[in-house]
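Input: a single structure, listed below in structure tokens.
The values are calculated or read from the model by the stated rules, or taken from the named source; none is laboratory data. The structure displayed is predicted, hence computed values, not measured ones. Note that we place each Cβ from the backbone using ideal geometry, even for glycine, and neighbour counts take in every protein chain shown. Protein only, heavy atoms only, side chains kept; ligands, DNA and RNA dropped before computing areas. Shrake-Rupley method; radii C 1.70, N 1.55, O 1.52, S 1.80 Å.
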Amino acid sequence: MAGTPVWSVDPRTGKQRGQVAAQATPLEVDEAVRAAHAARGALADATVRAAFLRTAARLLDEAVARVVETADAETALGAARLTGELARTTGQLRAFADAVDEGTYLDIRIDRADPSLSPPRPELRRYKVPLGVAAVYAASNFPLAFSVPGGDTASALAAGCPVVVKAHPDHPATSELCAALLRRAAEEHGLPAGVVGLVHGFDAGLELIRHPLVAAAGFTGSVRGGRALFDAAAARPVPIPFHGELGSLNPVVVTPAAAAERAEEIGSGLAGAVTLGVGQFCVKPGLALVPGGSDGDRLTDALTKALEQVGPGVLLDHRMRDNFVAGVAERAALPGVTAPVTPGSGGEHTVGAGYLEVRAQALLEGGAGGPHALLLEECFGPATVVVRYADQREASAVLGLLDGNLSATLQLSAAETEGAPGPAGELIAQVTGLAGRIVVNGWPVGVAVAPAQHHGGPYPAATSHSTSVGITAVERWLRPVAYQSVPDALLPAELREANPLGLPRRVSGGPAPA
């Protein structure tokens with residue numbers, strides 16, 4: 001630990017728990033990347049990769065008490081939340097192992113030679129190969145599922161890419177523990193420890209993205225930090241893919257019919273979504289469009305009542321707490337903004353939940369660059385902005401001011417979900433252009449790990465069109481290669497005519513027989 005110390009800090013008290021690592025020097029970053037690069041060949045065997053991922057899941061599950069205790073001490077997220085997050089993480093590892101066994105992610109396609117076509121078609125065989133070393137930047141708010149053993153790491157390893165993780169400073173001890181478990185899993189299968197590297201420190205993160213042997217990067221965090229890394233990835237002599245999740249407002253639109261039908265239910269549900277995990281979910285609803293009138297009043301009354309019953313919570317670190325308190329105060333000071341439940345400081349180390357309210361017209365008068373534009377920026381923590389609108393034209397106009405989002409939620413009435421599309425269909429069409437996931441009569445928090453899942457969206461929600469959740473996340477670490485008129489004996493095993501690996505493939509446009 002010769003470098004600058006990395007301390008584990010208890011966010012509940014602000015006290016240091018102990019030094020767990022040191023910030024990596026440029027030489028140490030280089031060593032970690034080179035060790036990962038040297039491990040690429042060891043990950044080439046898909047059977048070994050799948051077994052490695054399953055063993056990693058088993059070891060994490062077996063260490064559940066220690067992992068949860070360590071993560072809670074550094075994040076204050078609570079044992080129940082973290083136990084569920086660990087289960088999600090290990091389930092994710094096993095799901096990627098299953099995907100490796102199945103082989104569909106390789107997208108194998110074979111087009112037979114056809115001299116009768118004009119021009120004649122040669123024999124073509126195509127599949128996907130791993131990019132190389134993946135740099136993964138751990139998230140603050142998910143110390144397991146979006147950090148060292150999380151989705152970026154799992155999907156990269158499944159693709160055959162060794163990983164170097166830049167640990168988040170909010171949970172360094174958790175990062176060290178999880179990295180050690182992953183390396184132990186690698187050792188059980190004869191893989192070098194370099195398949196999972198770990199570095200600490202801001203400067204180390206910059207060194208990592210600039211390293212010539214890093215082939216791609218995944219990031220979950222702020223717009224400011226993510227954009228700096230994205231620009232660094234693009235400015236390299238050889239630019240690399242940067243799959244960043246940078247921030248999201250996650251708008252909710254409540255139709256007048258839905259408010260008339262179940263105002264109280266929607267109000268309490270919104271409160272739960274805003275305060276879950278102390279508002280530190282990337283899909284927390286940060287903007288809710290609620291109709292004016294008595295039904296909208298009933299909804300906001302229910303929201304107020306529910307939020308008033310929520311006790312103060314601890315944010316991940318003092319910087320986030322200070323930014324939250326200052327951000328809420330700045331928004332609350334805007335003309336026309338009221339605070340029916342004032343979010344903000346709840347004590348030395350805590351914050352209270354709440355919401356701010358504004359009329360749609362105040363947003364629309366100034367446009368995207370007006371004085372209320374701050375209300376359309378993410379405020380990380382347990383607060384949301386409620387916009388009261390007069391009609392669908394106003395609601396649509398507010399949506400038109402928004403940047404890209406991870407999610408958009410519509411609260412519709414039973415008639416709107418069962419009848420002809422009408423205005424509800426117009427809303428679906430509009431928010432489809434704004435977000436990567438559309439939710440109807442639910443809440444966006446809780447992102448299921450499933451093949452059809454998409455966790456991404458238009459910029460700044462994400463810097464690419466890939467997902468960071470679900471099996472298709474493996475695609476971000478692969479590139480296609482086509483082989484034209486290559487003799488069978490010289491082809492990779494995945495593409496040989498006899499299909500010795502038994503992989504799914506499409507031949508001349510259709511699925512090959514099993």
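Taking the DSSP bridge list for the chain and keeping only pairs wholly inside it, about 35 percent are antiparallel. Using a probe of 1.4 Å, the accessible surface attributed to CYS178 totals some 0 Å² when neighbouring protein chains are kept in position.
Packing here is the average count of other Cβ atoms within 10 Å per residue, and on that basis the peptides 235-244, 302-311, highest first, run 302-311, 235-244. Amide H to amide H distances under 5 Å link ASN405 with ALA435, GLY436, ALA461, where only residues 5 or more positions off or on other chains count and H is placed in the peptide plane. Peptides 58-66, 387-395 ranked from most to least packed, by the mean per-residue count of other Cβ atoms within 10 Å: 387-395, 58-66.
A straight Cα-to-Cα reach below 21 Å connects LYS284 with the lysines LYS305, residues fewer than 8 places away in its own chain not being considered. Normalising the average separation of contacting C-alpha pairs (under 8 angstrom, six or more residues apart) by the number of residues puts the relative contact order of the range 52-211 at 24 percent. When each of the peptides 484-492, 22-30 is scored by the mean number of other C-beta atoms lying within 10 Å of its residues, the order from highest to lowest reads 22-30, 484-492.
Taking 25 Å as R0, compute the FRET efficiency from the Cβ-Cβ separation of ALA329 and GLN361 and round it to 0.05.
Working: r = 23 Å, r/R0 = 0.94.
Efficiency for this residue pair is about 0.60.
Computed from the Cβ-Cβ distance with R0 of 35 Å, the FRET efficiency linking ASP231 to ALA22 stands at 0.80.
What number comes out for the charge environment of VAL507, summing +1 per Lys or Arg and -1 per Asp or Glu over other residues with Cβ under 9 Å away?
After counting each charged neighbour, the total is +3.
For the range 1-31, the set of trypsin sites (Lys or Arg not before Pro) satisfying both a DSSP loop assignment and a count of at most 15 other C-beta atoms within 10 Å is given as ARG12, LYS15. Sparse packing (at most 12 other Cβ atoms within 10 Å of the Cβ) combined with a DSSP loop state is found for the following trypsin sites (Lys or Arg not before Pro) in the range 107-160: ARG112. Taking a straight line from the alpha carbon of LYS15, these aspartates and glutamates sit under 19 Å away, with near neighbours fewer than eight places off in the same chain left out: GLU69, ASP72, GLU74, ASP170, ASP317, ASP322, GLU348.
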